[in-house]
Amino acid sequence: MYIGNVILLVLNLPLVGFWARIALIPFPILGPLIILCSVIGAYSIRFMLFDVWVALLFGVVGYLLRKLHFPVAPLVLASVLSQMLETSLQQSLLISQGSWLIFFNRPIAGFFMALAIASIARGIWLQVRSHAPEVAIDDADE
Amino acid sequence: MRSQRKCDLAAGVFIALLGAVVILAASQIRGDVEERLPPRTLPYAVGFMTLAGGLGLAVKAYRFHGEDPRIQWPETDGWVRIGVNLLLLALFTAIMDPLGMPITTGLYVAGAIWYMDRKRVVAALLAGAGSALVVYYLFIRLLELTFPLGPLGRLGETVLFSWDLLLAGFADALTWTNLLWALVGCLVGTLIGVLPGIGPSAGIAILLPITTMIPPTSGIIMMAAIYYGAMYGGSTTAIVVNIPGEASSVPTCIDGYEMAKQGRAGAALGISAISSFVAGTLGLVGLTFFAPLLANVALAFGPPEYFALMFMGLSLVISLSGRALLKGMIATSIGLLASLIGRNPLTGAARLTFGVVDLMAGINFISIIIGLFAVSEVMINVEKAAAHIYGTKFHGWMPTWAEIRRCAGAMVRSSGIGFFLGLLPGCAPAVTTFIAYDVEKRVSKHFERFGKGAIEGVAAPEGANNATSSGGFVPLFAFGLPTGPALAVLLGGLMSTGFSRARCSSRRTRSSSGRSSPACISGTLSSWC
């Protein structure tokens, strides 16, 4: 493992220039290549054209979200975690026989839940105090 | 519709309607009342969350009176360009089945380049032919992915066979030293990782047949090299063209792409390599010293702890959106909504599929990521008819010493976060990189720089990503328990090269008897080589 780590550093530090130069390719050529990579990537997940159509749809959704200054990161994380989140929620409720208190009376889980609620509460507090319009500051665009 | 207020109003109403539709659809889900979590509960919850978020946004926009930021919608020709490009892409997907992948690829690439820049006829033709060849050789012949071939299928068998023999000859000539294999692994891994959607796990799985053809030691080293290479490749595209290879490099996009736009792509790539290296080293040190102790902690994590951890990850990311809390919440509920479609993971009952067969299998999050980042990035650039992704000239290929020193804290912190969270089976690297980014933003004295090209914002997720995989080796060597899909594939590869599972399980008895197990140490030692 460690050899791989070292080689990657040795190999990639000199190659940094090469990778960065990708961005110098004129966009009319780079754009279709990006789309090509995306289509290959989307298709090779399950070898279903359906996944390519989904990527296309979410391309439009992503464009609108970015134009309207929605943050995109929460959407990604939610879609990645959703399945695991639901499974562990159902398992937890099986263990506790339906009681939601299980997330608060176990020390580690309780700690995480407290942090989560605190961060949301802080967000709402900041929200109430400021009257600025909803513009994501972390937007990668612009 | 140029005012942010009106757009927010419209978006809010639309999203609220979407929520209402979901609630209606959820009420149609049939299910057992006896279950602990009735199947309707989650769709209802997400539907109400969407509805509330949309209404909140609409009400807030309605009541807002003040300075109203403008939204930069494209001009008419911008819309036309976006439309034509989308149409081309749709056409590409539609004719892929009858005509076969290579031919469609060539046509699409040539056509799209020609449409965007009429003067580049030669470049368009060359790029079209080149990409068709790459698709054919790399993906269909070498990696044996089952793309539709179309009429090429039979032709290729006869004409191109001799070429393959020549290529095989080259491959034979290259089997000399392990270092060489590692080099190859890194390079191929990076190339594979550059494709969005093919992350480390898919990369190793695709290349696994190649690693079993060579001597075991070289095979293991090459597999590790592919693993790291694929992870690095994912961050490369995240930085240079704002396309994360997988979910865990999404936080890298935020500051990495911003740095690239300022002409500092080289520095961002450099710090990403250095930070990965430092975190990998620290992680392996941690693995050597703490492995026996930590393995037991990881076992104390049950479903409630996982739920709480992931819930915390989500809340942190929502609160990361700063002033746009409602929009962060709406984005979250859209993400949850998309992955609710399909089957209930425990009972297998279909929900929210509206009778469409394709929706039964669910929506894969990788295609969501590809669409959100890659496709929308192209649309943004198409709209402006941009000649380059970003106009600035490059300066500074390498990060300066001052910058590396500034990142030292971030590297150590993210290594710690990544390593400890990496111990937990099922904890995706996506969670740890998001958490590491969030922590770094909160710790930093200059948090306002984050999102505008802060170099620490690149170092933190990159370090965490690598440390997570080091942490994942603890349960892998201690219990033979892989913590994620990538490690599971790696374990499969290791076992096929003689790293037996029996040795793993003998370790389990020793370490549970409380002694600092020598087998566990030998496992870690082998990870160093």
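The values are calculated or read from the model by the stated rules, or taken from the named source; none is laboratory data. Keep in mind that this is a model prediction, so the values were computed, not measured. Backbone-built Cβ (ideal geometry, glycine too); neighbour counts: all protein chains shown.
The residue that is surrounded by the most Cβ atoms within 10 Å (Cβ to Cβ), among those in segment B:88-116 that are touching a residue at least 40 places away in the same chain (Cβ under 8 Å) and more than 10 Å from chain A (Cβ to nearest Cβ), is B:P102. If you go through segment B:246-265 and pick out every residue that is modelled with pLDDT under 80 and touching an Asp or Glu at 6+ places or on another chain (Cβ under 8 Å), you end up with 0.
Looking across B:I210, B:I220, B:I206, one residue alone is surrounded by fewer than 24 Cβ atoms within 10 Å (Cβ to Cβ), within 10 Å of chain A (Cβ to nearest Cβ) and at pLDDT below 75. It is B:I206. Looking at segment B:380-400, is at least one residue over 22 Å from B:S235 (Cα atoms), polar (S, T, N, Q) and either touching a helix residue (DSSP H, G or I) at 6+ places or on another chain (Cβ under 7 Å) or modelled with pLDDT of 80 or more (or both)? So far as segment B:380-400 goes, no, none of its residues is over 22 Å from B:S235 (Cα atoms), polar (S, T, N, Q) and either touching a helix residue (DSSP H, G or I) at 6+ places or on another chain (Cβ under 7 Å) or modelled with pLDDT of 80 or more (or both).
Each row is one residue, and each column tells you yes or no for (1) surrounded by 13 or more Cβ atoms within 10 Å (Cβ to Cβ); (2) more than 10 Å from chain A (Cβ to nearest Cβ); (3) under 20 Å from B:L340 (Cβ atoms); (4) at pLDDT below 85.
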site: B:S27; (1), (2), (3), (4): no, yes, yes, yes
site: B:L37; (1), (2), (3), (4): yes, no, yes, yes
site: B:F48; (1), (2), (3), (4): yes, yes, yes, no
site: B:G66; (1), (2), (3), (4): no, no, no, yes
site: B:P74; (1), (2), (3), (4): yes, no, no, yes
site: B:W79; (1), (2), (3), (4): no, yes, no, no
site: B:R118; (1), (2), (3), (4): no, no, no, yes
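Exactly one residue out of A:A109, A:A78 is outside any loop (DSSP other than H, G, I, E, B), more than 20 Å from the chain's Cα centre (by Cα) and among the small types (G, A, S): that is A:A109. Does A:S92 fit the bill of being surrounded by 21 or more Cβ atoms within 10 Å (Cβ to Cβ), modelled with pLDDT of 85 or more and outside the structural domain of A:I35 (by TED's automatic domain parsing)? Taking the combined requirement at face value, the residue satisfies it.
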